[in-house]
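Have a look at the structure below before the remarks.
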Amino acid sequence: MDLSNLKPAKGSVKKGKRLGRGQGSGRGGTSTRGHKGAKSRSGNSKKIGFEGGQMPLQRRVPKYGFKNINRREYKGINLSVLQDLAEKNNLDKIDMQVLVSAGMVSKNALVKILGKGTLERKLEVHAHAFSKSAIEAIEAKKGTAVIL
């Protein structure tokens, strides 16, 4: 056995239909496409969503809504989470590096500190945005809220 006499297994390879090669072939004339109509023509393809002339769904359903291209998506983190993080790691300053290393946010995320929960210690918190209640709670413990 060598590469010069390799053959596929018996019965595994079938011949394709030879269409449009005369009446004697049994597949002349319409070449298995039936009679007339768009599907019998060459180059036939209907566009996506075509419903046979019926008004297509994407045109029957009204347009609505608005997508603000200037929207900034923040990852919200509550004060209770910051308190737990500070206690666990004995921190006085919480910034993006701390949050990323704790696995709370990705390095490119925008972070907003939210006011749910309570703080028991003085913290210096660096984030992209703060809620009013978060700033009040941080400053009530003599901490600082630094906007990046």
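Values for this structure:
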| item | result |
| --- | --- |
| Relative packing of peptides 31-42, 8-19, 127-138 - highest average C-beta neighbours within 10 Å first | 127-138, 31-42, 8-19 |
| Segment Glu51-Ile147, extension gain: residue separation times 0.36 nm, minus the distance between their alpha carbons | 29.1 nm |
| Average projected area [Cα convex hull, the stretch 74-147], square nanometres | 4.0 nm² |
| Charge-dipole axis of the stretch 61-148 as Lys and Arg at +1 and Asp and Glu at -1 on Cβ define it, positive-most pick from Asn68, Ser106, Ala129 | Asn68 |
| Contour minus Cα-Cα distance for Lys132 and Ala102 (0.36 nm per residue) | 8.3 nm |
| Cut-off under 5 Å, modelled amide H: who pairs with His126 long-range | Ile94, Asp95, Val146 |
| Theoretical FRET efficiency, 1/(1+(r/R0)^6), r = Cβ-Cβ of Arg59 and Ala38, R0 22 Å, to 0.05 | 0.60 |
| Part-to-part distance (alpha-carbon centres) for the stretch 5-69 and the stretch 88-143, which is given in Å | 60 Å |
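Since every read-out is calculated from the coordinates, none of them should be taken as a lab result. Owing to the predicted nature of the structure, the values given are computational and were not obtained by experimental measurement. Here Cβ is always computed from backbone atoms with ideal geometry, including for glycine, and neighbour counts include all displayed protein chains.
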